[in-house]
Amino acid sequence: MSEFDLKICCMGAGYVGGPTMAVIAKMCPKIRVCVVDLSQKQIDAWNSDKLPIYEPGLPDVVKECIGRNLFFSTNIDEEIAQADIVFISVNTPTKTKGIGAGRAANIKNCELCARKIAEVSTSDKIVVEKSTVPVRTAESVRRVLNYNDKGLKFQVLSNPEFLAEGTAVDDLMAPSRVLIGGEQTPEGLAAIAKLVSVYTNWVPEERVLTTNLWSSELSKLVANAFLAQRVSSINSISALCEVTGGDISEISRAVGSDDRIGSKFLKASVGFGGSCFQKDILNLVYLCESFGLEECAEYWNQVVKMNDYQKNRFSKTMVKSMLNTVTGKKIAILGYAFKKDTGDVRETPSMFVVRDLLDESAKIHIYDPEVSREDMWIEMEYTCGITRENTPRIEEMITTSPDAYSACEGAHAFATLTEWDEFKDLDFERIFASMAKPAFVFDGRNILDHEKLREIGFEVYAIGRPFPIV
């Protein structure tokens, strides 16, 4: 008799699959959890002391469970075959060509997973969409599964993730809600109940919401669209503040004090990044366009346009403020990840600012405590099309520094583009003494003490604050 009550396999060992399965294993010791992936390098990293992603608290969770009821493997066929529940947690990037290019999500990887499940399964299974997918992807997955030639029965569920990178472990341990969608048939409801029973090992039952498949899939897109909308909304007001004398922090506090609005996601910044917000909004835009809802599509597309405007506006402010030229000038970039407490650089605003400064022939020195130079190059090529081949001098134009002080030494300016806590506590008098004069500060996250910096001698520009008179 098996020592486990249930066996789970997760296809995809990335930012969602790894942490989610680790927490399920921690909270459900009687469930065997195995995360599989085609990449041996990725699996080896999960099985080592140096995990492939940076997430506070995650190493302790993995260390507690690995080898007990948590496993990472490239033995995909065997793990799928023995599983009762198979999660699909693979990348669904925005299409770069073809129908819907630039907006629609590419669900090729989801379909490949479904085909593999149908191919190697020897028993009925519950298949769970964990990836962020377009509405009705579950229907495509189900059609592939139902064409198996073994007479097997599959139930497809939607269980979208609502994690915030940097707090993913806390979000998983105490989620605001768990959403599970499935067919409203006896078999579908039974599958929903089975997955509910996994989560209620630690999540209060009232926080587990059940819906039909399509409501669940659409809810994830809408949730991210609403959050991004708030960021773009406050950023649009930050531009107004800079020309009228308003202070965006004071406005955010005043507006956020209204219980109907709330204070979250009302911090003005250089813009939002990450793998979800832009991708999910563009997915929503494409969905609206597909059904002829052009006004709805344009409404949501404006959120992305405002985000692009904010990033570009920040770059232009830097060039204009630095005597209208940055050619040949050293500029320090403090922070490259799209937010603190993660090493994720997907769609990071820093990259777009760096791209703009590179076009102006600035000499850029980047410091981030968790981002590797390799990851930086990969994302720059994927998103911006910048490579060593098409930009021959890029290696000498962009330097990755070991710390903030070396990045700033001799620089004409530094820009804080990720809100890492360590940047608040730097010795700014030391930095000022080491920089070229006039020494400029561009605070893209409003985390620094601007008055103190001005007292030291810096010329400070901040998002949503009146610009200094010079």
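Of all residues in region 107-122, those that are over 13 Å from residue 146 (Cα atoms) and open to solvent by less than 60 Å² (accessible area, probe 1.4 Å) total 5. What's the number of the condition residue 387 fails, among (1) at pLDDT below 95; (2) buried (at least 16 other Cβ atoms within 10 Å of the Cβ); (3) among the β-branched types (Val, Ile, Thr)? It fails just one condition, (2).
If you go through region 449-470 and pick out every residue that is surrounded by fewer than 21 Cβ atoms within 10 Å (Cβ to Cβ), over 19 Å from residue 244 (Cα atoms) and not β-branched (Val, Ile, Thr), you end up with 8.
Close contacts from region 1-22, counting a first residue that is of a type in the set (Lys, Arg) and a second that is in a loop (DSSP other than H, G, I, E, B) and surrounded by fewer than 24 Cβ atoms within 10 Å (Cβ to Cβ), with Cβ to Cβ under 7 Å and a gap of 6+ residues or different chains, come to 7/84. Quick check: anything in region 139-158 among the β-branched types (Val, Ile, Thr) and farther than 23 Å from residue 38 by Cβ? Among the residues of region 139-158, not one is among the β-branched types (Val, Ile, Thr) and farther than 23 Å from residue 38 by Cβ, which makes the answer no.
Residues of region 346-369 that are closer than 11 Å to residue 418 by Cβ and either modelled with pLDDT under 95 or of a type in the set (Phe, Trp, Tyr) (or both): 367 alone.
Of all residues in region 234-278, those that are among the hydroxyl-bearing types (Ser, Thr, Tyr), within 23 Å of residue 339 (Cα to Cα) and in contact with a Ser or Thr (Cβ under 8 Å, 6 or more places away or on another chain) total 2.
Checked against the criteria, residue 145 does not count as over 20 Å from residue 14 (Cα atoms), without any contact (Cβ under 8 Å) to a residue 40 or more places away in the chain, hydrophobic (A, V, I, L, M, F, W, C) and surrounded by fewer than 20 Cβ atoms within 10 Å (Cβ to Cβ). Considering 263, 269, 257, 238, the condition of being open to solvent by 30 Å² or more (accessible area, probe 1.4 Å) and closer than 27 Å to residue 350 by Cβ is satisfied by 263 alone. Looking only at region 33-81, residues that are over 15 Å from residue 10 (Cα atoms) and in contact (Cβ under 8 Å) with a residue 60 or more places away in the chain come to 7 in all. Screening residue 215 on (1) small (Gly, Ala, Ser); (2) in a helix (DSSP H, G or I); (3) open to solvent by less than 40 Å² (accessible area, probe 1.4 Å) shows it passes everything except condition (3). Out of all the residues in region 335-356, is one or more more than 18 Å from the chain's Cα centre (by Cα), more than 30 Å from residue 305 (Cβ to Cβ) and charged (D, E, K, R)? Scanning region 335-356, I find no residue that is more than 18 Å from the chain's Cα centre (by Cα), more than 30 Å from residue 305 (Cβ to Cβ) and charged (D, E, K, R), so the answer is no.
Of all residues in region 372-430, those satisfying the criterion of being of a type in the set (D, E, K, R), part of a helix (DSSP H, G or I) and within 17 Å of residue 442 (Cα to Cα) are 421, 422, 424, 425, 429.
Hey, any hits in region 275-287 for a residue that's touching a helix residue (DSSP H, G or I) at 6+ places or on another chain (Cβ under 7 Å) and assigned to a loop (DSSP other than H, G, I, E, B)? Checked against the condition, which is being touching a helix residue (DSSP H, G or I) at 6+ places or on another chain (Cβ under 7 Å) and assigned to a loop (DSSP other than H, G, I, E, B), region 275-287 yields at least one hit. Against the definition (closer than 17 Å to residue 310 by Cα and either among the small types (Gly, Ala, Ser) or assigned to a loop (DSSP other than H, G, I, E, B) (or both)), how does residue 239 come out, yes or no? Taking the combined requirement at face value, the residue satisfies it. Give all pairs with beta carbons closer than 6 Å in which a residue from region 196-216 that is within 21 Å of residue 137 (Cβ to Cβ) meets a residue that is of a type outside the set (Asp, Glu) and open to solvent by 60 Å² or more (accessible area, probe 1.4 Å); count only pairs at least 6 apart in sequence or on separate chains. Here the result reads 209/177; 212/184, each pair linking region 196-216 to a residue that is of a type outside the set (Asp, Glu) and open to solvent by 60 Å² or more (accessible area, probe 1.4 Å).
The values are calculated or read from the model by the stated rules, or taken from the named source; none is laboratory data. Everything numeric in this text was worked out from a predicted model, so none of it was measured. A quick note on method: Cβ atoms are made from the backbone with ideal geometry, for glycine too, and the neighbour counts reach across all protein chains shown. Note: areas computed on protein heavy atoms with side chains; ligands, DNA, RNA excluded. Shrake-Rupley method; radii C 1.70, N 1.55, O 1.52, S 1.80 Å.
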